[in-house]
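Visitor: Below you'll find the structure I mean.
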Amino acid sequence: MDNALLSGSDSDSEDSFVTDRELQDAFSRGLLKPGLNAVLEAPKKAVNDVNGLKQCLTEFKRDLEWVERLDVTLGPVPEIGGPQSTPQNKDQKVVDPEDDFQREMSFYRQAQAAVLAVLPRLHQLKVPTKRPTDYFAEMAKSDQQMQKIRQKLQAKQAAMEKSEKAKQLRALRKYGKKVQTQVLQKRQQEKAHMMHAIKKYQKGFSDKLDFLDGDQKPVARGSKEGAKGQPMRKGPNAKRRYKNQKFGFGGKKKGSKWNTRESYDDVSSFRAKKAHGKGPARPGKKGSNKRPGKRTREKMKSRTR
């Protein structure tokens, strides 16, 4: 049985070997079609067919005037104030293609030279080179798209203005809070100072009432003149003087009934009869209209019965 298996395996290997050989022969003959097997093509050789290129050029070349073609072949414009260009300088000043600045500058100078050479020629041919005032050209983008762009820009600008206003408001709030705290602290300090001055006045340690003047600023001790150069005046303030001028001043009210040395020594108005009750009856008292007592009233009632 083992021999049978071995013989079967050998036959399969021989069949597979034969089939591989057949495939190789078919592939060498070109009988295999593209499918599961990929056909590798050899790289194409570049051929410089000069005659074919000239033939193609003669087919699509047209003998048109220069105004229709507007083609010029010029070098770059010479530098201002620089040395004159010579073949040796040209060889020395070769543009480095890897340098972006030199490459773009050479394009710019070559275009500038072309404009300087072509403009006089166009003027000779009476070709207009400037756009008229009533020139109308269709936009590359539609009005609808431009409207969307405008709305987007306006929304962006409005958002920036809104954020700027919010920043200003925040700054103003911070400044307002700072000013408010400063004012509150100043009021508290003034109140504490006034309470301290009132306590000193009540206890008799001070006889000054300058703390009642309010917002008047204290004047330096050594200065004899005010802020405006006027001399200091003692007496009531401007508000008190204005009220005295408007309503008058009635004089001193406190202590008007106090005795003085002169009033104590003056006895010219003294009357002995009035002082000891020997004078005429006082108008406030009536001696004849005296009510009888309780017993007298009861006797009077019993008599009447």
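Visitor: Go over the candidates 191, 130, 141 one by one and state the one that is outside the structural domain of residue 70 (by the TED database) and outside any loop (DSSP other than H, G, I, E, B). If you could, list the steps in order and put the result at the bottom.
Guide: Working: 130 fails: outside any loop (DSSP other than H, G, I, E, B); 141 fails: outside any loop (DSSP other than H, G, I, E, B).
The unique qualifying residue is 191.
Visitor: So which of 41, 59 is open to solvent by 80 Å² or more (accessible area, probe 1.4 Å), modelled with pLDDT under 80 and not polar (S, T, N, Q)? Even if it seems obvious, please write down each step before you answer.
Guide: Details: 59 fails: modelled with pLDDT under 80.
Selected residue: 41, the only one of 41, 59 that is open to solvent by 80 Å² or more (accessible area, probe 1.4 Å), modelled with pLDDT under 80 and not polar (S, T, N, Q).
Visitor: Count, please, the residues in the range 105-140 that happen to be among the charged types (D, E, K, R) and surrounded by 10 or more Cβ atoms within 10 Å (Cβ to Cβ).
Guide: Residues of the range 105-140 among the charged types (D, E, K, R): 109, 121, 126, 130-131, 134, 138.
Narrowing further to those that are surrounded by 10 or more Cβ atoms within 10 Å (Cβ to Cβ): 109, 121.
Of the residues in the range 105-140, 2 are among the charged types (D, E, K, R) and surrounded by 10 or more Cβ atoms within 10 Å (Cβ to Cβ).
Visitor: Next up: From the list 206, 256, 269, 263, exactly one residue is modelled with pLDDT of 60 or more, out of contact with any strand residue (DSSP E or B) (no Cβ under 8 Å at 6 or more places or on another chain) and in the same structural domain as residue 186 (by the TED database). Which is it?
Guide: Numbers: 256 fails: in the same structural domain as residue 186 (by the TED database); 269 fails: in the same structural domain as residue 186 (by the TED database); 263 fails: in the same structural domain as residue 186 (by the TED database).
Exactly one of 206, 256, 269, 263 is modelled with pLDDT of 60 or more, out of contact with any strand residue (DSSP E or B) (no Cβ under 8 Å at 6 or more places or on another chain) and in the same structural domain as residue 186 (by the TED database), namely 206.
The values are calculated or read from the model by the stated rules, or taken from the named source; none is laboratory data. Here the structure is a predicted model, which means the values were calculated and not measured. Using ideal geometry, Cβ is built from the backbone for each residue, glycine included, and neighbour counts are taken over all protein chains shown. The area values use the complete protein model at the heavy-atom level, side chains included, leaving out ligands, DNA and RNA. Shrake-Rupley method; radii C 1.70, N 1.55, O 1.52, S 1.80 Å.
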